[in-house]
Amino acid sequence: MSSVPRWRIAAGIGILVALAGFGALFAPIYVHNLELQNYVAGITHVVGNQAKSDDVLRTWVLDKARRLDLPITEDNVHITRTGGNLEIDVRYFVTVNLPGYTVTLHFYPGAGSR
């Protein structure tokens, strides 16, 4: 039985550490996006919210985004009403600066009533 060279074991551990680091960096952003998605879905599924003004709904979404530390502005929240249905779409991006590389993550949480 041949043994694995130490440099391969070290390289494998280094790769696992790097993956764990990326996970720790990106996971909170994706979790916050999921929380916002669930919040927006909750707003659209409450029948009483159909009568609320677009400004009120937009303010709710912006307040939640601020609490989640997401870079969402008023222009990122799109509210449409068609045939008695309420749809809220949020389009935003998060820029993550890594050493020597910048990643831009695009998110599109949204929901509509049925």
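The values are calculated or read from the model by the stated rules, or taken from the named source; none is laboratory data. Just so you know, these numbers come straight off a predicted model, no measurement behind them. In this analysis, Cβ positions are derived from the backbone assuming ideal geometry, glycine residues included, and neighbour counts consider all displayed protein chains.
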Exclusive hit being under 15 Å from Tyr108 (Cα atoms) and either part of a helix (DSSP H, G or I) or touching a residue at least 24 places away in the same chain (Cβ under 8 Å) (or both), set Leu34, Leu57, Leu16, Leu86: Leu34
When residues of the range 44-64 are limited to those that are at pLDDT below 95 and of a type in the set (A, V, I, L, M, F, W, C), the one surrounded by the most Cβ atoms within 10 Å (Cβ to Cβ): Val46
Matching residues, the range 65-114, being surrounded by 16 or more Cβ atoms within 10 Å (Cβ to Cβ), modelled with pLDDT of 95 or more and closer than 27 Å to Gly21 by Cα: Ala65, Leu68, Leu70, Ile72, Tyr92, Val94, Phe107
Residue, surrounded by the most Cβ atoms within 10 Å (Cβ to Cβ), within the range 15-33, restricted to residues that are farther than 19 Å from Ile79 by Cα and under 14 Å from the mean Cα position of the chain (by Cα): His32
From the options Thr80, Thr95, residue that is over 18 Å from Asn33 (Cβ atoms) and either assigned to a strand (DSSP E or B) or in contact with a His (Cβ under 7 Å, 6 or more places away or on another chain) (or both): Thr80
